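Engineer: Please find one structure pasted underneath; my questions will follow.
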Amino acid sequence: MSEKKYRAHQREGPEPEEGVREVPKLVFVYILILIIWGVGYYAWQIGKPMQGGDSRSVAIQPAINSENVATLIDGGAIYSIQCSACHQATGQGIPGAFPPLAGSEWVLADSAILVSILQDGLQGPIVVAGNTYNGVMPYFRGKLSSAEIAAVLTYIRSEWGNNADRIDPIMVDEHKTRFGERVPWTSDELIAEFGKP
Amino acid sequence: MTPTIALLLIITFLLSTVGLLVLIWSISTNQFSNSQNAARTIFTPGEEGHSEDPAREDTSAYKGDSKAAKEAFTARRVQDQSSKPAVLIWLSSAVFWLLIGSFYGLLASIKMHYPEFMADSQWWTFGRIRPMHLNAVVYGWSSMAGIGAVLFLVPRLFKTPLRGTPYAVTGAIIWNIGVILGLGAINFGLSDGQEWLEFPWQVDFLFVLGGALCAVPLLLTCARRTVEHLYVSSWYFLAALVWFPFLFFIANVPKVFPGATGATVNWWFAHNVLGLWVTPLGIGIAYYIIPKILGRPIISYKLSLIGFWSLALFYSQVGIHHLIGGPIPTWLVTLSIVHSVMMSIPVITVAINHHGTMWGSFGRIKESPTLRFVWIGALMYTATSLQGSLMALRSVNVITHFTHYTIAHAHLGMYAFLSFILFGAIYFIMPRLTDREWPWRRMISLHFWLVAIGILIYFVSLTTAGWLQGLALLDAKTPFLEIVQMTIPYLQARSLGGGLMVAGHIVFVVHFIFMLSRRGAMTQGPTLFRVRTKEISQ
Ligand code: HEM
Ligand code: HEM
């Protein structure tokens, strides 16, 4: 066998094997601590909801069955769940895509306009604070109750420097009886129906 | 969660954990006398006591002058020759997919801070190249390199030539066809749409077939083994090769698991690919290479037993920690969290074994490329896993989930742990298969520093970005766009780190091609980071 050949093999050490050192006591202590922790952690979950979710989940709205709880509804919470993805928590919208609510003439105008947009949705070009937006806003009819729609509208009319009257659930109900299940509004239709904001 | 469910969980937990300890205790007490005898048969006669530590100048390296030693040496050579065609094809394919995969990774990374980049063609959209990166590096690079290393080590571990090598060669060809078709399908937009399972199920059977063909030679060889005692690396290899086909098959059966069940199965699978497939391959290789190069046994057989069996018990239920906070039953999430934390038991025992064996020989990583890559990989295994146990806690996960923090952890595991060990293994294996030394010392050095600095930048920048991002996302008042903009400098840093890694891969691949085609410098001594006069292992 030549010295030059199989050099890599020749310089190899022995095949590996296991030594006989004992397991450090500390390892057993650690295992014991973890077992106790595990049992405790399972026990600690007793009484938590059965079905997943955590602080990031969408909050479940309390069932609303009478109009006089309207004032208890948190419009801000509804806003952050339903609206802030597009209009942003700051109410500034996203330039070119979603119009701002802060300082918007449509938000501050006749409350019937806002109720109409939320109840039936909005589509086509709309000019807000001098900029034109062209998108589709979904309707919330059937998704939010009259009281909730009133609460969230009241919220956006009083946040971010906006200062307009609160909106009453009665107005939403009146709108419902007048228009029923209407197709989404365009800005021209809104102006024709309720006047320029 | 009702008290009844909690009670059932607690009883199962206690029974399985205590049962496991009893199992380990009985194996170790029965086998102990055995293993001490076996220990001697494992040494090639005359090798015992020959340290190879160059730090101690006067020790003589093992020369193999006795007759028995010569026989053992010849046997080892025959074993390596027997697996050569199979190992070469698996490793070369792996190296090719590493290049392709990391190229797509870099592209995906650039698009995250420069979205206009190559945005006008559907072939290069983020939604397609990210899964292509993921699948190319997981099924192309990591799995193929891992199988290659296993095919090389198994004859050595069983001390008999590999039987049925052609099966493994055919397996590699089928597997490669699978990767090509799978990546092609994703590029055409025909993905299955679940992370880690993007390959269309029609392609998946190629992997089952290719993998099964690989298992044939391993089982044949195992049946003919000439050793009594199975060294710890072989436990991990055999287990991984048995686990993977089952996992892959169950998770890919089409249309059986809809909705939230589908998500549960999806993540059960995804974490098992990590825990029961690539991790055992990586740990098994480290268990072989570290003692091999140091020329001293791994410190404790009992610790290896605890490490192996507790991994087998705890890993398979951790997958649901990817869905914490999701619409999954609370008991299942809780189970996965407890098991994720229990995973620190195998991690710590393996760490004591690996790093304890290294203790006192850390100087060796200055010279040996293999040892430097493998030991750093083993260290990063400890780090990733302990980080993972923390990430599984609800209070931490609520911050880190949905952020770049997870991606940093993913690369700490798949790259700094697994890929480093695979690099080291390839540096060890190739000279023994091709019977020549690596051509250039500086290429290995360059490869090491590029990828090491690259992954450091990658990990640090994404960990920071992810944490800040997670805290900001929890605050409903911060606009989403502001958070996206905040992360951009960190994403640019990631592209820088990733660029260095890709550069390192190019250096590595070029070196590999020179090695394979027998071109480049012909050196006489082993190619080490520093020139030494004395012969020591790679
Ligand atoms: C060469 C440099 C690399 C770069 C620039 C890179 C970049 C990326 C990028 C941009 C993503 C997508 C992250 C996201 O969607 O937020 C990703 C994901 C991933 N990469 Fe890499 N990567 C590289 C190398 C590797 C290697 C070598 C491996 C494994 C061996 C790897 C494993 C993964 C995995 C497993 C994921 C999925 C992570 C997840 O789902 O959370 N990467 N990588
Ligand atoms: C004890 C061991 C480990 C535990 C408990 C653990 C835990 C976790 C957790 C909690 C996540 C984040 C899930 C999320 O919020 O989305 C995660 C993600 C991940 N881990 Fe680990 N980890 C461990 C070890 C490892 C190792 C060794 C590797 C690599 C071989 C690894 C690779 C990954 C990858 C690739 C992901 C991203 C998966 C994805 O989103 O696609 N982990 N791990």
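Engineer: For segment B:102-142, name all the residues that are open to solvent by 40 Å² or more (accessible area, probe 1.4 Å) and among the hydroxyl-bearing types (S, T, Y).
Structural biologist: Matches in segment B:102-142: B:Y114, B:T125.
Engineer: Answer yes if at least one residue in segment B:281-301 is assigned to a helix (DSSP H, G or I) and away from every other protein chain (no Cβ under 14 Å), and no otherwise.
Structural biologist: Our first condition is that a residue be assigned to a helix (DSSP H, G or I); within segment B:281-301, this holds for B:281-294, B:301.
Narrowing further to those that are away from every other protein chain (no Cβ under 14 Å): B:281-282.
Yes, segment B:281-301 contains at least one residue that is assigned to a helix (DSSP H, G or I) and away from every other protein chain (no Cβ under 14 Å).
Engineer: Please work out if B:G178 is among the small types (G, A, S) and surrounded by 19 or more Cβ atoms within 10 Å (Cβ to Cβ).
Structural biologist: Values: among the small types (G, A, S): yes; surrounded by 19 or more Cβ atoms within 10 Å (Cβ to Cβ): yes.
Answer is yes for this residue.
Engineer: Limited to segment B:112-125, what total is found for residues that are more than 8 Å from ligand 1 (Cβ to nearest atom) and either modelled with pLDDT of 95 or more or farther than 17 Å from B:G189 by Cα (or both)? Break it down stepwise before answering.
Structural biologist: First, pick out the residues of segment B:112-125 that are more than 8 Å from ligand 1 (Cβ to nearest atom): B:113-125.
Keeping just the survivors that are either modelled with pLDDT of 95 or more or farther than 17 Å from B:G189 by Cα (or both) gives B:113-117.
Of the residues in that region, 5 qualify.
Engineer: Also, I was wondering about something else. Among the numbered criteria (1) open to solvent by 60 Å² or more (accessible area, probe 1.4 Å); (2) outside any helix (DSSP H, G or I); (3) modelled with pLDDT of 90 or more, which one does B:L220 miss?
Structural biologist: (2)
Engineer: Here is a follow-up. Output the residues belonging to segment B:138-183 that are within 16 Å of ligand 1 (Cβ to nearest atom), more than 18 Å from the chain's Cα centre (by Cα) and not β-branched (V, I, T). Explain how you work it out, then say what you get.
Structural biologist: Quick first cut of segment B:138-183, residues within 16 Å of ligand 1 (Cβ to nearest atom) only: B:138-149, B:179, B:182-183.
Filter once more, so that each one left must be more than 18 Å from the chain's Cα centre (by Cα): B:179, B:182-183.
Within segment B:138-183, B:G182, B:L183 qualify.
Engineer: Just to be sure, is B:V265 of a type outside the set (G, A, S), more than 9 Å from chain A (Cβ to nearest Cβ), open to solvent by less than 10 Å² (accessible area, probe 1.4 Å) and assigned to a helix (DSSP H, G or I)? Before the answer, list the steps.
Structural biologist: Details: of a type outside the set (G, A, S): yes; more than 9 Å from chain A (Cβ to nearest Cβ): yes; open to solvent by less than 10 Å² (accessible area, probe 1.4 Å): no; assigned to a helix (DSSP H, G or I): yes.
Criteria not met by B:V265.
Engineer: Among the residues that make up segment B:182-196, is at least one of them out of contact with any Phe, Trp or Tyr (no Cβ under 7 Å at 6 or more places or on another chain), outside any loop (DSSP other than H, G, I, E, B) and within 16 Å of ligand 2 (Cβ to nearest atom)?
Structural biologist: yes
Engineer: Would you check which residues across segment B:470-506 are in a helix (DSSP H, G or I), within 16 Å of ligand 2 (Cβ to nearest atom) and within 14 Å of another protein chain (Cβ to nearest Cβ) and list them?
Structural biologist: B:G470, B:L471, B:L473
Engineer: List pairs: first in segment B:91-117 and aromatic (F, W, Y), second within 16 Å of ligand 2 (Cβ to nearest atom), Cβ under 7 Å, 6+ apart or cross-chain?
Structural biologist: Qualifying pairs under 7 Å: B:W97/B:A136; B:W97/B:G140; B:W97/B:W141; B:W97/B:M144; B:Y104/B:I129; B:Y104/B:M132; B:Y104/B:H133; B:Y104/B:A136.
Engineer: Also, I was wondering about something else. Restricting to segment B:195-224, name every residue that is within 22 Å of B:V87 (Cα to Cα) and of a type in the set (D, E, K, R). Spell out the reasoning first.
Structural biologist: So in segment B:195-224, the residues within 22 Å of B:V87 (Cα to Cα) come out as B:206-224.
Selection gives B:R224 alone.
Engineer: Has segment B:385-406 got any residue that is within 15 Å of ligand 1 (Cβ to nearest atom) and under 30 Å from B:M443 (Cβ atoms)?
Structural biologist: Checked segment B:385-406: no residue is within 15 Å of ligand 1 (Cβ to nearest atom) and under 30 Å from B:M443 (Cβ atoms).
Engineer: Tell me whether segment B:316-326 contains one or more residues that are at the interface with chain A (Cβ under 8 Å from one of its Cβ atoms), at pLDDT below 90 and open to solvent by 10 Å² or more (accessible area, probe 1.4 Å).
Structural biologist: Within segment B:316-326, one or more residues are at the interface with chain A (Cβ under 8 Å from one of its Cβ atoms), at pLDDT below 90 and open to solvent by 10 Å² or more (accessible area, probe 1.4 Å).
Engineer: Please find, within segment B:328-342, the residue that is nearest to B:S395 (Cα to Cα) out of those that are among the aliphatic types (A, V, I, L, M) and open to solvent by 10 Å² or more (accessible area, probe 1.4 Å). Quick ask: steps written out before the conclusion?
Structural biologist: Going residue by residue through segment B:328-342, those that are among the aliphatic types (A, V, I, L, M) are B:328, B:332-333, B:335, B:337-338, B:341-342.
Subset that is open to solvent by 10 Å² or more (accessible area, probe 1.4 Å): B:332, B:335, B:341.
On the way: B:L332: 17, B:L335: 16, B:V341: 13 Å.
Looking at the filtered set, the residue picked out is B:V341.
Engineer: Would it be correct to say that B:N353 is within 16 Å of ligand 1 (Cβ to nearest atom), open to solvent by less than 20 Å² (accessible area, probe 1.4 Å) and in contact with a helix residue (DSSP H, G or I) (Cβ under 9 Å, 6 or more places away or on another chain)?
Structural biologist: Details: within 16 Å of ligand 1 (Cβ to nearest atom): no; open to solvent by less than 20 Å² (accessible area, probe 1.4 Å): yes; in contact with a helix residue (DSSP H, G or I) (Cβ under 9 Å, 6 or more places away or on another chain): yes.
No.
Engineer: For segment A:121-146, name all the residues that are hydrophobic (A, V, I, L, M, F, W, C), assigned to a loop (DSSP other than H, G, I, E, B) and either open to solvent by less than 20 Å² (accessible area, probe 1.4 Å) or touching a residue at least 40 places away in the same chain (Cβ under 8 Å) (or both).
Structural biologist: Of segment A:121-146, the ones hydrophobic (A, V, I, L, M, F, W, C) are A:122, A:126-129, A:136-137, A:140, A:144.
Remaining after also requiring assigned to a loop (DSSP other than H, G, I, E, B): A:129, A:140.
The one that is hydrophobic (A, V, I, L, M, F, W, C), assigned to a loop (DSSP other than H, G, I, E, B) and either open to solvent by less than 20 Å² (accessible area, probe 1.4 Å) or touching a residue at least 40 places away in the same chain (Cβ under 8 Å) (or both): A:F140.
Engineer: Right, here's the next one. Starting from segment A:17-37, take each residue that is more than 7 Å from every other protein chain (Cβ to nearest Cβ) and list its partners that are assigned to a loop (DSSP other than H, G, I, E, B), counting only C-beta distances under 6 angstrom and pairs at least six apart or across chains.
Structural biologist: Taking only residues 6 or more apart or on different chains, not a single pair turns up.
Engineer: Give B:S445, B:S517, B:S461 a once-over and let me know the one that is farther than 30 Å from A:H9 by Cα and among the polar types (S, T, N, Q). Working first, answer last.
Structural biologist: On the way: B:S445 fails: farther than 30 Å from A:H9 by Cα; B:S517 fails: farther than 30 Å from A:H9 by Cα.
Of the residues listed, the single one that is farther than 30 Å from A:H9 by Cα and among the polar types (S, T, N, Q) is B:S461.
Engineer: Hey, another quick one. For segment A:54-62, state whether one or more residues are at the interface with chain B (Cβ under 8 Å from one of its Cβ atoms), at pLDDT 85 or above and in contact with a Lys or Arg (Cβ under 8 Å, 6 or more places away or on another chain). Walk me through it before giving the result.
Structural biologist: Here is the first cut: in segment A:54-62, the ones at the interface with chain B (Cβ under 8 Å from one of its Cβ atoms) are A:54-57.
Keeping just the survivors that are at pLDDT 85 or above gives none.
There is no residue in segment A:54-62 that is at the interface with chain B (Cβ under 8 Å from one of its Cβ atoms), at pLDDT 85 or above and in contact with a Lys or Arg (Cβ under 8 Å, 6 or more places away or on another chain).
Engineer: With the structure loaded, tell me whether B:L422 is touching a residue at least 40 places away in the same chain (Cβ under 8 Å) and in a helix (DSSP H, G or I) or whether it fails that test. Give the derivation first.
Structural biologist: Values: touching a residue at least 40 places away in the same chain (Cβ under 8 Å): yes; in a helix (DSSP H, G or I): yes.
Yes.
Engineer: Restricting to segment B:369-382, name every residue that is surrounded by fewer than 22 Cβ atoms within 10 Å (Cβ to Cβ) and within 16 Å of ligand 1 (Cβ to nearest atom).
Structural biologist: The answer is B:I376, and nothing else.
Engineer: Look through B:R372, B:R364 and report the one residue that is within 14 Å of chain A (Cβ to nearest Cβ) and either more than 9 Å from ligand 2 (Cβ to nearest atom) or in contact with an Asp or Glu (Cβ under 8 Å, 6 or more places away or on another chain) (or both).
Structural biologist: Values: B:R372 fails: within 14 Å of chain A (Cβ to nearest Cβ).
Criteria check complete, one pass: B:R364.
Engineer: Determine which single condition B:V338 fails, assuming it passes every other condition in (1) closer than 30 Å to A:Y42 by Cα; (2) not in a helix (DSSP H, G or I).
Structural biologist: Result: B:V338 passes all but (2).
Engineer: If you check A:R166, A:R182, which single one turns out to be without any contact (Cβ under 8 Å) to a residue 24 or more places away in the chain and either part of a helix (DSSP H, G or I) or among the charged types (D, E, K, R) (or both)? Reasoning before the result, please.
Structural biologist: Numbers: A:R182 fails: without any contact (Cβ under 8 Å) to a residue 24 or more places away in the chain.
A:R166 is the lone residue from the list that is without any contact (Cβ under 8 Å) to a residue 24 or more places away in the chain and either part of a helix (DSSP H, G or I) or among the charged types (D, E, K, R) (or both).
Engineer: Quick check on segment B:108-135: of everything there that is within 15 Å of B:L197 (Cβ to Cβ) and hydrophobic (A, V, I, L, M, F, W, C), which residue is farthest from the chain's Cα centre (by Cα)?
Structural biologist: Only one residue tops the list, namely B:M132.
Engineer: Would you confirm whether or not segment B:370-382 contains a residue that is over 22 Å from A:E17 (Cα atoms) and at pLDDT 95 or above? Give the steps one after another, and end with the answer.
Structural biologist: Applying the first criterion (over 22 Å from A:E17 (Cα atoms)) to segment B:370-382 yields B:380.
Narrowing further to those that are at pLDDT 95 or above: B:380.
Yes, because at least one residue in segment B:370-382 is over 22 Å from A:E17 (Cα atoms) and at pLDDT 95 or above.
Engineer: Looking only at segment B:406-420, count every residue that is near ligand 2 (Cβ under 8 Å from one of its atoms) and among the hydroxyl-bearing types (S, T, Y) and tell me the total.
Structural biologist: At the first step, the residues of segment B:406-420 found to be near ligand 2 (Cβ under 8 Å from one of its atoms) are B:406-407, B:409-414, B:417-418.
The next check asks that each one be among the hydroxyl-bearing types (S, T, Y); those that pass are B:406.
So the count comes out to 1.
Engineer: Could you pull out the residue among A:I156, A:I170, A:I149 that is of a type outside the set (S, T, Y), open to solvent by 20 Å² or more (accessible area, probe 1.4 Å) and under 21 Å from A:I78 (Cα atoms)?
Structural biologist: On the way: A:I156 fails: open to solvent by 20 Å² or more (accessible area, probe 1.4 Å); A:I149 fails: open to solvent by 20 Å² or more (accessible area, probe 1.4 Å).
Going through A:I156, A:I170, A:I149 in turn, just one is of a type outside the set (S, T, Y), open to solvent by 20 Å² or more (accessible area, probe 1.4 Å) and under 21 Å from A:I78 (Cα atoms): A:I170.
Engineer: Could I ask something else about it? Do any residues in segment B:458-478 that are at negative phi have Cβ atoms under 6 Å from those of residues that are open to solvent by 50 Å² or more (accessible area, probe 1.4 Å) and of a type outside the set (D, E, K, R), where the two are at least six apart or on different chains, and which pairs are they?
Structural biologist: That search, which allows pairs on different chains as well, returns B:S461/B:Y490; B:A465/B:Y490; B:A476/A:S80.
The values are calculated or read from the model by the stated rules, or taken from the named source; none is laboratory data. On a predicted model such as this, the values are computed, not experimentally measured, just so you know. Cβ: placed from backbone, ideal geometry, glycine included. Neighbour counts: every protein chain shown. Surface accessibility is based on the protein's heavy atoms, side chains included, excluding ligands, DNA and RNA. Shrake-Rupley method; radii C 1.70, N 1.55, O 1.52, S 1.80 Å.
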